1. Rounded to the nearest 500, what is the 222 nm mean residue ellipticity of chain A from helices alone, with -39500 (n - 2.57) per DSSP H run of 4+ residues and division by all residues?
2. Rg and Dmax of segment B:183-228, using alpha carbons, in Å: what are they?
3. Report the dimensions of segment C:52-194 along its three principal axes from the alpha-carbon atoms, largest first, rounded to Å.
4. 5 Å is the cut-off here: which amide hydrogens, built 1.01 Å from N in the peptide plane, fall below it relative to B:Met304, excluding neighbours closer than 5 in sequence?
5. If each label sits 7 angstrom from Cα along the C-beta direction, how far apart, in nm, is C:Arg229 from its counterparts in the other copies?
6. Tell me which aspartates and glutamates have Cα within less than 12 Å of C:Lys196's Cα, excluding those fewer than 8 residues away on the same chain?
7. Quick one: grab the alpha carbon gyration tensor of segment C:3-95, order the square roots of its eigenvalues as a ≥ b ≥ c, and give me rounded if a/c is under 1.5, else prolate or oblate depending on whether a/b is larger than b/c.
8. Under the rule of at least 5 residues apart or a separate chain, name every residue whose amide H is placed under 5 Å from the amide H of C:Gly256.
Amino acid sequence: MEFSANQIAGLVGGSVEGDGNVTVSTFAKIEEGHPGAISFLANPKYTHYIYDTQSSIILVNRTFEPEKPINATLIRVDDPYATVAQLLDMVSKLTQQHPCGVEQPSYIGSGVELSPDCYLGAFSYVAPGAKIGKNVKIYPQCYIGAGVVIGDGSVLYPGVKVYYGCKIGKNCILHSGVVVGADGFGFAPKDGSYAKIPQLGHVEIADDVEIGANTCVDRATMGCTRIGRGVKLDNLIQVAHNCEIGEHTVMASQAGVAGSTKVGAHCMVGGQVGFAGHIHIGDGVQIGAQSGVPHNVASGQRIMGYPAVPAGDFFRQSVNIKNLGELNRKVRQLESELERIKSEK
Amino acid sequence: MEFSANQIAGLVGGSVEGDGNVTVSTFAKIEEGHPGAISFLANPKYTHYIYDTQSSIILVNRTFEPEKPINATLIRVDDPYATVAQLLDMVSKLTQQHPCGVEQPSYIGSGVELSPDCYLGAFSYVAPGAKIGKNVKIYPQCYIGAGVVIGDGSVLYPGVKVYYGCKIGKNCILHSGVVVGADGFGFAPKDGSYAKIPQLGHVEIADDVEIGANTCVDRATMGCTRIGRGVKLDNLIQVAHNCEIGEHTVMASQAGVAGSTKVGAHCMVGGQVGFAGHIHIGDGVQIGAQSGVPHNVASGQRIMGYPAVPAGDFFRQSVNIKNLGELNRKVRQLESELERIKSEK
Amino acid sequence: MEFSANQIAGLVGGSVEGDGNVTVSTFAKIEEGHPGAISFLANPKYTHYIYDTQSSIILVNRTFEPEKPINATLIRVDDPYATVAQLLDMVSKLTQQHPCGVEQPSYIGSGVELSPDCYLGAFSYVAPGAKIGKNVKIYPQCYIGAGVVIGDGSVLYPGVKVYYGCKIGKNCILHSGVVVGADGFGFAPKDGSYAKIPQLGHVEIADDVEIGANTCVDRATMGCTRIGRGVKLDNLIQVAHNCEIGEHTVMASQAGVAGSTKVGAHCMVGGQVGFAGHIHIGDGVQIGAQSGVPHNVASGQRIMGYPAVPAGDFFRQSVNIKNLGELNRKVRQLESELERIKSEK
């Protein structure tokens, strides 16, 4: 499929600058542009690429002011990142289709029903009593435990494992290697060793949640571990037993949430952040990458560091630490000057 | 099944306070209590929930002194957490049963024998020469390499992979996505690139070990990587080649142990802790979350930080760092006062 | 198979010291030596083991000077670590052979051809249009998406998942649980929730790459995520969408690279290191474990810390932080002395 700059501008409500008849058939990063591709410029760090890119069309902000001539045709829009998302979405819907039907061999336990628009890939296992919604796509090598409920329109990529009794909402996406409902990490000390505390709760994942590859969400000891509506978890994240993640919170890769901690709604959590157990994070909290969060955090805070402090304090601390050598020098100088003053008396 | 407060108190040696005839049929977290559920209060952070919880019965410490009236029936015990563990265990044994028998299709190599009480889930693969103990439960989609030994009573949840030649003890639990025996990360620099050092050792996991979802234990270069008896590893942990983890050590999620490091017995390791390679950690060491441990640690130490120092020092350091702005101010003031003194002379 | 010290010395160009006729049939770590085993001494930390080890032969450096008598036969070589690697490689080639042929049940989509020297393990799935090179070994329970290309001689251990359209080079090794090509973590804020940005790019992995267990390499939004020739990634690593990792860079376990970051060639990255997104790391950069890298790094730098600074500065900072208590004491003393001076005037 080919689209001209004029056609694309029409679709996205943009204005063309340059040759409106030039056509593209694919996307490219601006720094890897090539003829026939459309790119976008949203992050100012990449501005210098626009003057040399070989892409035929570039989506730019309406306010963008080039400092040099640009070969590509520009399409000016309000928000280039949102616009490219919109275009990717259109193309994705045209070109990407999940399969349908039940591939063999697969394992379907007693009492399981699959609607004809569902997909069950080969080597997938659906245990007895699981309830699979309409248009659910279960790729090969997935495991759906007994009594699991999966809502309409959800997609499980190859190798997802969902332990018994857990619930996945509608229109969720679980990537390869995700484990939902493994036992929480609970042990009681007993005579110098540890006795396992059975984890009899489960996991409930609300609608519109996406969970990245190899991320783990453990089942609760009792009751449930909850992932709120619209939450987006990146790869290799740990959500421990009894946790709750509030609606529309996003968490970057390798973050870890210890047991029973409640993270509010609309939070943004950086990569490799760690949360202590049994704490409460308010709504709209933003946490810088690699931070360690040892205690409760009020709504709306922006924090960073190990242990985490307000972001402004963190940056001041970093500068202060950098300047410690100079501070030591000053104190030594003060000491020697004071010595001199005392000796002169 | 329903149990009355009197019945439960009899089972666990507790004393009833309130209506002894009230019955429960399930567990609930105290903050999510509902009629018909039993909850417990062990962590003082949760004390305020006891006055409003809807649960019918609460397990509390014998010494607990309520500050307000409580609706629920109380059962007083020595250790509420241990008691709830005991009750969960009773219920778990009554209600949860692993399946038996060999599901089809599965793959059983030559020379493999399975006792009738074993379970081999569909799509699991047992390579030739593997030795599977009595009452072993291998859920679907597991891989058991050639010559692997699995001790009596162990459970492998869906999708566990055990490479050739590794040994798993008795009564172990391996959760989904665990990888035992992948090649250690060993390369020798050679002409600007890296030559792979074959990893010809294996992994030995002793009895009563539990390993969390997606955790990796690499095979040794030579000899073996050892996980001691009773060790509990949480999810997404890395144990590199040639490591040894001592008996009854517990390690929280996303911790990582670099190659050849030996961690002692009865240690407690926080989440996201990292250990350098080729170091030795003594017995009974406690390490705070996200710490980086660059060198040997003597037995019984409690350490924290990056790099890790004794926990008391870490907290003092954190306070000192917080106060650096104030210290800078003081030094500036001393400088200006000294200037004044010098100029006044 | 048994080899004498004289035979081994001949193979590796070493000189024998002690009984040249003593034979060995296996390898052992020096601290776990036993008769009939060969060990090596490369890391000076392990020198004290050489006087007591039960191993029959020890590979040591030509310059090694024992301080006490040694029971074992020594073979002196230029580089004991490289020599043991060479010996392990020889043994590995003699003893370890990947299987051949197609096991049943497996799933092979339309248009897929496998050469007779390939292995496709049971329960593996190869989607339509995938191109599998010569002598490729795909262990059980792998998923190869539509149109995936796998170069000659590559090995995929059990449970590897490769999403559609991704490319794996020649002689690559992917360990169990690796996920290549899951969707990058891309969302556009929209009315208080997040709209998914389809990830239409792919992943390209060059030749001679090894990827550790449960590591994730996400597909690009557009274009591709690139892993350069000879790169070695350890377990549980995250490589986000649109990243590039340069040739012969090695990265230890649990490191994470955020989106669009480019890491140069010949870098050495410690465990649990985190990289911010959209930054550029030069060639030959060395980064200490657990560092957080927030911005561009020039080639050849050696950095460490959170946030990362030149390694020398990091160690100075750590000492300065340790000494903060003393610095506080000094400043308090200066203050009181100055008070005294002022009062004496």
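1. My calculation for chain A gives -5500 deg cm²/dmol from helical runs alone.
2. Every Cα atom of segment B:183-228 included, Rg and Dmax give 13.6, 46 Å.
3. Principal extents (largest minus smallest coordinate, Cα): 73, 50, 23 Å.
4. The answer is B:Gly288, B:Val309, B:Ala311.
5. 5.3, 5.3
6. Once the sequence-local aspartates and glutamates are set aside, what remains near C:Lys196 is A:Asp89, A:Asp208, A:Glu210, C:Asp183.
7. rounded
8. Result for C:Gly256 returns C:Gln238, C:Val273, C:Gly274, C:Phe275.
FYI, it's all coordinate maths here, none of it is from the lab. For clarity, every value in this text was computed on a predicted model and none was experimentally measured. So basically every Cβ, Gly included, is an ideal-geometry build from the backbone, and we count neighbours across all protein chains shown.
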